[in-house]
Amino acid sequence: MGRALFGVLGLFLLNILLYCGHAQDALLHIEPNWSPLFNGEKVTFICDSQEGNIADWVYSFNLNDHWTNYRPENTYTLSSLTTGDSGEYQCAASQKSSNVTRRSNKVSLSVSAKPKAQLRKYSPVAGSVTLTCSVGSSSSSRSSSSSSSGWKYFWYKDDKTSEPLKTGDDVLLQSGSFSHSGGGVYWCRGGRGDPVYYTEYSRPVVTNRADVKPNWPEIYSGETITLTCGIEEGGGSEWEYEWRTPDYYTPPHPRGSMMTSSVRGDYSCKGRLKDGASTTEWSDAFTVKTSAAKPKAQLRKYSVGGHVTLTCSVESSSSSSSSGWKYFWYKDDKTSEPLKTGDDVLLQSGSISPSGGGVYWCRGGRGAPVYYTEYSHPVVTNRAVVTLQHDWPEIYSGETITLTCGIEEGGGSEWEYEWRTPDYYTPPNPRESMITSSVRGDYSCKGRLKDGASTTEWSDAFTVKTSDVPQPVLTVSPSWTSPGDSVTLTCSVEPPSAGWRFFWYQAVPELSLNYTYELLVGNTTGTEQDSYILHGQTHTAGYVCRAGRGDPVFYTLYSDVKFVWSGGEFVHTFIFLHKRINVLFVLTLFVLCVSPNDVFSGVNPAASLTVSPHRLQHFSTESLSLSCEGNSTEWKVMKADESGFMSSCSYWGQMTGSTCNTDTRASSGVYWCESATQSSNAANITTHNPEEAASSSVFLLLLVVGLVSGVLLIILLLLILCCYRKSKASSLSRSQRTNQSPATDHMINQGETQDGHYAALLHGDSCLYETIRGSGQCEPGTNDEPEESDYQNVMMETAAGTSSTTDHVVQYE
C-alpha cells in the first residue's frame, strides 16, 4: 500500500514537473484572426507542437475549461459561433513516442451579435457623391479595425434583394467607398470568410441629383422661361420637390416645374422620396441674368479631307456650354422655311454636314414660345474640284493639258476663280480653265461669289506627274505570208490609255541602215482601233506605228520596225532529237540537191534574193553568197537574227556590188535584199553542225536502202504471181494484164515505178553523197543524172506516194 502510494505521488510530481517545464512549448492560434467575431461566423483553432513530425503527436483542446480527448488532428473548428463561445482557449500536444506533453498559450475569443452595415453619403466636390460603407459602431473603431477585420463590401441598387453590383459597375469589393455611376437608392452590407459571412443590410441612401432646367447661362430681355427640377435617374420613385428662389422658399410639393419671367437671381431645388426620409442634395444654383441686346448667331465652316461641316453658335458671356439653344438652318435664302431634320439638319445640334453645295444661314432659338436670335452671316459650302479635260491616267513630258475648276452644285451663282500652281498664284478672274504645258507639281483652285466675300475651300490638289514619252510595240500577224495574204498590224502602248489614235507607216529603206517612214494611204488622221489590216500583201515590207492624242496632237515615239516576210513556197523539214543522235528527217529525200527555184519561188519579180549554195539548210562552217537582183543599181543585204536584231552585210560579211559574201561561218536568220525603192523576197536560212548532218546522212542512207529493198521485194512477189498465172503467150499475157482490176493494176504500176525510182537513185547517189559532205551543189547532167522533171517526180512520189504512176511508167519506157 505504501509502495503504491509512493508511485502515484511520484507520477503526480513528474506530471507537475512536465507541466511546469513545457506548458508554453506548444503554440495555439485561430483562423481567421479577426476581432471581434460575430454570431454565425466560423473559426478554426490550430495547435502547433513546434517540434518533430506532426504525425508523432496527438492533440487536445481546452474549450472553456473542458478538455477534449487526444486525437491526431491539430485543428478544431467551431462552425457557427454564438455569444456563449466567448472565453479563453488552450491546447496540449502529447508526443506518442515519449509521452511528453506540451501545453500552449491561452487565446481569448470574443463573440458579438451580428452587426449591421453603416452607409454614409459625402459630397467632397460639388455635384459629386461618394458612398462609404463600414462595419463598426464608430469611425474610430472603424479606422482601427478596418485593415484587420477582413471585411469586403457588397453594394445593391434600387432593391437590396437584387444581385450585388459587380466591379465593372464602379464597385470595389475590397473598398468601403465608391463614387456611384448613376443616381438611385443604394444599400450595402459587409461580408468575410469562406463561405461568406454577411452583416445586416445598411439603411438606404438616395444618390439622385436634382437639376434645374433649362440651365442656360443668360436670359435675354423679353424671354419667358420655365424652370424644372429634374431628378437624374429617378426611376419609378415618387418624388416631392422643394424650391429656393431669390424671393421665397417652397415646402415639398409634387410639382417639379415653375415658371418665371426673367427674374434675376439664383434658383435651386431638391427631391424627397414620398415614402422615406431620404432626399437628394440641393441642385446647383441656376442664375438668371438678363441682357438687353438680342444675340446674333455665329456660323463657321470647317473642312477635313474635302468634307465640310457647318457650326452654328450663340456667343455668351458665360462659360457654360449648355445654353439651351436649338439651331435653325436656311439654304440659299435666309427668309425661306428652315431646313428639316430630313435635310440632314439636327435642330438640337450646332453642327451639320450639308448634303449639297449652296449658301447657308443659321440662327438660334429656345423656349416656348421660341425666342430667336439674329441671323448669322452667309457661308458657301460648294466644293471646288480640279479636273483634267481628258481622263488620262498618265501625262507625258511635253504634252499640253487643260485643267478646269468646277464648282459642285454651283447653281445660278456667278463665280470667280483663283488658282495655285507650282509656279504662281492667280488673282480672282472669271476664267474657269487654264492651260499648262505639263509642269510637274500640284494645282488647286477655289471659287468666290462675285456678289459677296464667301468662297469655297481650296480644292484638293491635282498633282501633275509627267512620264517619259512612251514607245509603242508593233506586232504583225502572220509574219510570213504567201502572195495575196492579209496581214494584221497591232500597236500597243503601255500602260493602255484612253484618247489614243494610232498612225501606221511603211518603213522605206535607205542605203544606210536607217529607214524613212511614210504614212499608209488613208491614214492621215489615224485610227481609233489599235489594229490595222493590210490586204493583198505581195512582198517583203517593214512597218512602224505610233500613237497620238490631244489638240495639238502629242505623239509617242515610233515603234521598232517589224517586217512581213514574203519568202514563197518552201520545202518543210522536221528535226527529231533521239538521245545523242540529231536525226534530220527530210520528207523530200533529195532536198539538198535541188535548185533554188525548187526551194522557194520569188513573189516579187522586180527584186529577188539568190542564195548560193542553193538551199536553206547549211553547215555552220561554210560561207554563203547572197545576190540581189532587181530594178536598182545599189543594193544592201539585210539579216534579222533569232532575237530580232537587224544588221546589214557590212557587219557580218563583205558587200561587193549586189552580192554579199559571208565570213567563214554562216549563221541562222532571215535574209533579204533592200534598195532605195524596194525589198526582195526573204529566205529563212538555218545552219547546223557537221556532226548533226553526218548523223542525219547515215539515217537517210539507211532509209533509202530500206525503201529500195522493200520495192524489190514487192516486185519479186508480183513477178512470182505473174509467172504462176501465165498460161498463154506474152501477147495474150499483156492483154490479160490489161483487163485486171484497178487495184492490181495499181500495184503493178507501183512496182514498176519503184523500180524506176531505184534506177534513179542509183544514178543520183553521188549527188547525195556530195550534198552530205557539204562540198557544193550538183551540176546538171553529171553522173548520168535524169532530167530535172523526172527527178522531181521521183522525189514527190517517194515522199508522199500520192502521184499517179502510169505517167511515170510511160516516161521511163
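The values are calculated or read from the model by the stated rules, or taken from the named source; none is laboratory data. Just so you know, these numbers come straight off a predicted model, no measurement behind them. Every residue, glycine as well, gets a Cβ built from its backbone with ideal geometry; the counts of neighbours run over all protein chains shown. Accessible surface areas use protein heavy atoms only, side chains included; no ligands, DNA or RNA. Shrake-Rupley method; radii C 1.70, N 1.55, O 1.52, S 1.80 Å.
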Value of relative contact order over the stretch 455-534, rounded to a whole percent, pairs C-alpha under 8 Å and six or more apart: 28 percent
Residue-level accessible surface for L78, protein heavy atoms, 1.4 Å, Å²: 30 Å²
More than 25 angstrom apart: percent of Cα pairs within the stretch 452-564: 34 percent
Most to least accessible of T610, T167 (protein chains only, probe 1.4 Å): T167, T610
Which listed pairs, of K213/K331; K166/K270; K289/K334; K562/K639; K213/K334, have C-alpha distances above 20 Å, in listed order: K213/K331; K166/K270; K289/K334; K213/K334
Simple spin-label estimate for D560 and T466 in nanometres, 7 Å along Cα-Cβ: 2.8 nm
Residues of type lysines that K114 reaches as a straight line, Cα spacing below 16 Å, ignoring anything fewer than 8 places off in the same chain: K42, K152
In nm, spacing of pseudo-spin labels at C722 and R440 (7 Å Cα→C-beta vector): 9.1 nm
A285 versus S112: modelled label distance in nm, points set 7 Å from Cα along the beta carbon direction: 4.3 nm
Accessible-area value, T77, 1.4 Å probe, nucleic acids and ligands omitted, Å²: 60 Å²
Inter-part distance where the stretch 270-316 and the stretch 492-535 are each reduced to a Cα centre, Å: 75 Å
Accessible-area ranking of V561, V464, V521, largest first, probe 1.4 Å: V521, V561, V464
Accessible area (Å², 1.4 Å probe, nearest 10) - S612: 50 Å²
Accessible area in the full protein assembly, largest first, 1.4 Å probe, for W504, W415: W415, W504
